[in-house]
Structure formats: structure tokens, C-alpha cells
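The values are calculated or read from the model by the stated rules, or taken from the named source; none is laboratory data. Everything numeric in this text was worked out from a predicted model, so none of it was measured. Here the Cβ positions follow ideal geometry from the backbone for every residue, glycine too, while neighbour counts run over all protein chains shown. We work out accessible area using only protein heavy atoms, side chains counted, and drop any ligands, DNA or RNA first. Shrake-Rupley method; radii C 1.70, N 1.55, O 1.52, S 1.80 Å.
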Amino acid sequence: MAFTGNYMCTSFKVALLNGEMDFSSDTSQSFKIALYTSDATLDASTTVYSTTNEISGTGYTAGGNTLTIATNPTSDTGGTVAYLDFSDTTWSNSYITARGALIYKSGGTNPAVAVLDFGADKTTSSETFTVTFPSCLLLLQ
């Protein structure tokens, strides 16, 4: 098993501090989510999207889905935590087995944002594969 947890990629943190990532409502940047097999080695040190051990199957296109920001960057009522949320994403009528995912900024070098570990292989057989995001996916505190 190569997935060992959920991570905000270290290179993303640096890119954020350098102003290279923009999640605002008027951003021209696009973020995607790609699905991976249990053989993928993805963790906090992941720097870019890669096709190595990306899943393949009916209903899935390499590179994954484009994400929609559901909640623009905001803070909690205490003012000590900042977060954003993506809308859930789906692959309809799919035949997919995925262990986890990578969120990345689409374009240029396709820099990594976050690694998601599903905890076990998730499989669909002529069904909709859904990644359901929590209300505060990217949490900075």
C-alpha cells in the first residue's frame, strides 16, 4: 500500500506563499483531481501531477475532472482557520477502481495541491464514482 494518509503537499505550501496559487472567485486558474491505483506513491512530498499509476477505465479520462470551488476561501468564526471547499465530482457510468486522488493546478507543470487517501480501494461497475468533499477541504491553521 503506497497511500499513507491525506496530505497538503509541501510544494503547494511554498507555491501558496509565493502567490502562485489562486483560489479566489475571480481566478483564471483551474484545479483538477486525478484518481490513482493502490500502487501510486503519493504523499506530502508529491510535487506535480503524474500519469504513473493513474487509473484507467470506462468513464475516466487521464488527468481527471476539473474541480469547481464551492466555498471561496474564508475563515472560521474564531478567525484562526482559513479554508475552502470544492463541489463533489463524479464519473458517470464508470468502471473504476481507485485508492486515492491528487488535486493539482492544471497548466504549466501541473503542480500538486493535495493527496487524498480513500482508505481502501473504491470500485464502480457501470455506476457513478463520486468524490465527496468535506466542507473545509483545504484547511490552513
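Every Cα-Cα pair of the stretch 41-83 was included, and the share exceeding 16 Å stands at 63 percent.
Peptides 13-25, 85-97, ordered by how many other C-beta atoms sit within 10 Å of their residues on average, highest first, read 85-97, 13-25.
Surface composition of the chain: carbon plus sulfur atoms contribute 47% of the solvent-accessible area (1.4 Å probe, protein chains only, all chains present). Shape index of the chain: Rg/Rh, with Rg the Cα radius of gyration and Rh the Kirkwood radius from the inverse mean 1/r over Cα pairs, equals 0.96. A simple rule links phi to the HN-Hα coupling: the Karplus curve 6.51 cos²θ - 1.76 cosθ + 1.60 with θ = phi - 60°, which for the stretch 26-34 gives 9, 5, 9, 6, 10, 10, 10, 10, 10 Hz, with x for Gly and Pro.
Based on DSSP H segments of at least four residues, each scored -39500 (n - 2.57), the chain has a per-residue ellipticity at 222 nm of -1500 deg cm²/dmol.
Per residue, the accessible area of the stretch 1-137 comes to 50 Å², computed with a 1.4 Å probe over protein heavy atoms only.
Evaluating 6.51 cos²θ - 1.76 cosθ + 1.60 at θ = phi - 60° for every residue in the stretch 17-24, the Karplus couplings come out as 5, 7, x, 8, 10, 9, 10, 5 Hz, glycine and proline recorded as x. Put a plus charge on the Cβ of each Lys and Arg, a minus charge on the Cβ of each Asp and Glu, and nothing anywhere else: the dipole of the stretch 25-141 about its Cα centre is then about 160 debye. Taking amide H atoms as placed 1.01 Å from N in the peptide plane, list the residues 5 or more away in sequence, or in a different chain, whose amide H sits under 5 Å from that of residue 99. Under 5 Å from the amide H of residue 99 lie the amide H atoms of 36, 37, 38, 122, each far enough along the sequence or on another chain.
Derived from the Cα gyration tensor, the three semi-axes of the equivalent ellipsoid of the stretch 73-131 are 27, 16, 12 Å, largest first. The phi torsions of the stretch 100-105, fed into the Karplus equation with coefficients 6.51, -1.76 and 1.60 and a -60° offset, translate into couplings of x, 8, 10, 9, 8, 7 Hz, rounded to whole numbers, with Gly and Pro shown as x. The H on the amide N of residue 6, modeled in the peptide plane, is under 5 Å from the matching H of 117, each at least 5 residues off or on a different chain. Close amide-amide hydrogen proximity is noted between residue 106 and 30, 31, 32, each under 5 Å apart and 5 or more residues distant or on a separate chain (H modeled in the peptide plane; Pro and chain starts excluded).
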